[in-house]
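Down below is the structure, laid out as C-alpha cells.
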Amino acid sequence: MKIRGRAPLGCYLLVGVLSIFLFTGARCATTKNSEGMTEGTGEKKSEVTGPVPLYYDFADILIPAELSLDRENSFVYSTPSFTAGVLVFDGYVQADSLVNFFSTNMAKDGWMLKSSFRYRQVILNFEKDKRSCLVNVAEYPLKTRVEIWVAPQVSATMP
C-alpha cells in the first residue's frame, strides 16, 4: 500500500548532502592551479584558440577554417609538376578579416603581394615561383565569398 503525502525529512537531508558532495567534489577535481595544470590529474590543459586553418589543393595557400569549400563552383587541374584552378569558399566572416588573413599567411608561405583592388570587393594579386594567385573577397548580406585563382605566369613577349 502506497502512502501519499510528504516524504520523510531524512530523504530531504540525504538528497541535500549528496548534492553538496557531488557539486564540491566535481569542482575540486577540475580546479586549475596557476601554471594551467589541472589538479587531480596533473595534466596541462591545452587552450583552444579557435578553428585551425587548412590547406586544400594548393599546399602553399592557407584557408581559414570558418570558410566552407563550394565544390560545385571549384575546379582544379593537376599534373605531376603543376596544379592550377579555382577554389571557391563561403562563410560568415568579415571581408576585412579575410584580407588581413590572406595578406599575412600568403607572405608566410612565400607569396609576394604585387597589387590589390579595394572597395566594392577586394582582389589581392600574389606571385610565387612562376605562378600567380588572385584572391577575390566579396562580402554579401548573408555570407562572404572567397575565390582563389591559381595559374602559371605567362611571360609577355613583344614581336
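Go through segment 114-145 residue by residue and tally those that are among the hydrophobic types (A, V, I, L, M, F, W, C) and farther than 22 Å from F82 by Cβ. Selection size over segment 114-145: 6. Taking segment 76-113 as the range and being surrounded by 12 or more Cβ atoms within 10 Å (Cβ to Cβ), farther than 25 Å from K143 by Cα and at pLDDT 95 or above as the test, the residues that pass are Y77, A84, A107, D109, W111, L113.
The values are calculated or read from the model by the stated rules, or taken from the named source; none is laboratory data. Owing to the predicted nature of the structure, the values given are computational and were not obtained by experimental measurement. Reconstructed Cβ throughout: ideal geometry from the backbone, glycine too, with neighbour counts over all protein chains shown.
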